[in-house]
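Reading through the structure tokens given below for one structure.
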Amino acid sequence: PHATLPPDLALRLGVRPGRISHIPVPHGLLLAQAHELLAPAGSAAQWLITLQLQRPRQIDVVRRVLQLPLSPLQREIAALAGLGYARADAAPLTGVGDAALKKHMRSILEAAGAGDWHELGLHLRG
């Protein structure tokens, strides 16, 4: 089935040729852009409107971390990996010692199905 769109959709979205409109929506921004199509001579102008949902990477990382069965401290440690911090930064940023960090990392890696810090970061970034 075809959706019936309002004839003034571009106007409602604030889309203008050659410009990208940034429309706040839940969980990010909707990027809207109008592209003029080649229409047969004598026919009305036609436009292609493209829509793209853009979400900050940090939101996706946090969502993935929250889905893991971890303690609040373990989530904080995992989030650092997902946000691209080095493993060496985890202890000073979270205030835990190296021995405690190793213990927490075993649980985090097991919960995430990752083999090491780098793999954990890649997994959380999607």
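Take every Cα pair under 8 Å whose residues are at least 6 apart in sequence, average their separation, divide by the length of segment 1-45, and the relative contact order is 27 percent.
What accessible area per residue comes out for segment 2-95, rounded to a whole number of Å², with a 1.4 Å probe?
Details: 6540 Å² over 94 residues.
Accessible surface, normalised per residue, equals 70 Å².
Take every pair of alpha-carbon atoms less than 8 Å apart whose residues are at least six positions apart; their mean separation over the length of segment 58-125 yields a relative contact order of 42 percent.
Relative contact order, whole percent, for the chain stands at 17, derived from Cα pairs under 8 Å and 6 or more residues apart. Against the chain, whose longest principal axis comes from its Cα atoms, helix 98-112 is set at around 50 degrees. Figure note: Arg106, Arg87 ranked by solvent-accessible area, largest first, 1.4 Å probe, ligands and nucleic acids not counted: Arg106, Arg87. Restricting attention to segment 8-55, close to 95% of DSSP beta bridges with both partner residues there are antiparallel.
Using alpha carbons only, how many degrees (0 to 90, rounded to 10) separate the axis of helix 72-82 from the longest principal axis of the chain? The two axes meet at around 60 degrees. Per-residue ellipticity at 222 nm, computed for the chain from helices alone with -39500 (n - 2.57) per DSSP H run of at least four residues, works out to -13500 deg cm²/dmol. Along the axis of the charge dipole computed for the chain (Cβ charges of +1 for Lys and Arg, -1 for Asp and Glu, origin at the Cα centre), the listed residues Ile108, His118, Leu73 are led at the positive end by Leu73. If R0 is 22 Å, the Cβ-Cβ spacing of Arg57 and Leu13 corresponds to a FRET efficiency of close to 0.35.
The values are calculated or read from the model by the stated rules, or taken from the named source; none is laboratory data. Bear in mind that the values here come from a model prediction, so they are computed numbers and not experimental data. All Cβ positions, glycine included, derive from the backbone under ideal geometry; neighbour counts span all protein chains shown. What goes into the accessible areas is simple: the full protein's heavy atoms, side chains included, and nothing from ligands, DNA or RNA. Shrake-Rupley method; radii C 1.70, N 1.55, O 1.52, S 1.80 Å.
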